[in-house]
Amino acid sequence: MLKRLAVALSLMSLSVAPAFAHLNPDEHGSLLAGVSHPLFGMDHILAMVAVGLWAALLGGRALWLVPAAFVATMAVGFAAAIAGAPLPFVEPVILASVVVIGLLAAIALKVPAWAGMLVVGVFAFFHGHAHGGELGSAGALSFGIGFALSTALLHATGVGLGLGIGRAFGGDTGRLVTRIAGAATALGGLWLALGA
């Protein structure tokens with residue numbers, strides 16, 4: 001039992017390890033700058049992994065619909081920022097997304113797929129707007145594709161963790177460990193909010 005818990009926690013720590021700083025699009029290209037962007041902020045990493053954990057707990061079609069809704073709505077928020085549409089409270093809502101989605105995974109709130117899509121979509125709009133606001137000299141299309149790919153991979157990491165933990169521990173124990181991972185994500189969000 002303890003060995004399985006250690007493996008699960010090790011996998012979780014790898015999934016949220018800080019990656020590399022924002023890449024300069026002039027040196028590395030807009031696509032790679034976009035890929036690096038979500039990996040630079042712990043708030044983005046934790047939120048994306050939490051979406052995957054919650055989707056894994058929801059199961060069924062939500063397994064892919066909830067992360068897909070996040071990526072699609074994030075693209076809309078990105079486009080709104082590029083168009084110059086103002087959006088208040090971007091950073092506080094991003095921090096709230098980590099806590100809320102982490103808590104949804106922690107309590108394993110069962111909702112229909114469409115409701116999960118709606119919840120993550122609201123937060124995704126703010127994440128996308130933040131990416132658009134930090135576009136800089138990068139080409140919008142390449143940058144957008146890059147951070148969408150990176151976000152999808154972080155979601156897949158969360159889903160993989162949720163499903164992997166479930167298989168490693170089985171049944172109720174697996175769900176409990178996945179819920180603990182969600183709670184850890186929410187605590188990470190609180191830590192970021194209080195430290196910011």
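With respect to being modelled with pLDDT of 95 or more and either crowded, with 18+ Cβ neighbours inside 10 Å or over 14 Å from the mean Cα position of the chain (by Cα) (or both), ALA138 falls outside the description. Helices (runs of 4 or more DSSP H) fully within the range 37-117 that include at least 2 residues being modelled with pLDDT of 95 or more and surrounded by fewer than 22 Cβ atoms within 10 Å (Cβ to Cβ): 62-82, 90-106. Based on this model, can you work out whether SER137 counts as in contact with a helix residue (DSSP H, G or I) (Cβ under 6 Å, 6 or more places away or on another chain), in contact (Cβ under 8 Å) with a residue 12 or more places away in the chain and within 18 Å of ALA50 (Cβ to Cβ)? For SER137, the condition - in contact with a helix residue (DSSP H, G or I) (Cβ under 6 Å, 6 or more places away or on another chain), in contact (Cβ under 8 Å) with a residue 12 or more places away in the chain and within 18 Å of ALA50 (Cβ to Cβ) - is not met.
Quick test for you: out of LEU135, LEU194, pick the one residue that is out of contact with any Gly (no Cβ under 8 Å at 6 or more places or on another chain), farther than 20 Å from GLY60 by Cα, aliphatic (A, V, I, L, M) and assigned to a helix (DSSP H, G or I).
LEU194
Among the residues that make up the range 5-25, is at least one of them in a helix (DSSP H, G or I), at pLDDT 55 or above and within 21 Å of GLY116 (Cβ to Cβ)? No, every residue in the range 5-25 fails to be in a helix (DSSP H, G or I), at pLDDT 55 or above and within 21 Å of GLY116 (Cβ to Cβ).
The values are calculated or read from the model by the stated rules, or taken from the named source; none is laboratory data. Since the structure is predicted, the reported quantities are computational estimates derived from the model, not experimental observations. Cβ: placed from backbone, ideal geometry, glycine included. Neighbour counts: every protein chain shown.
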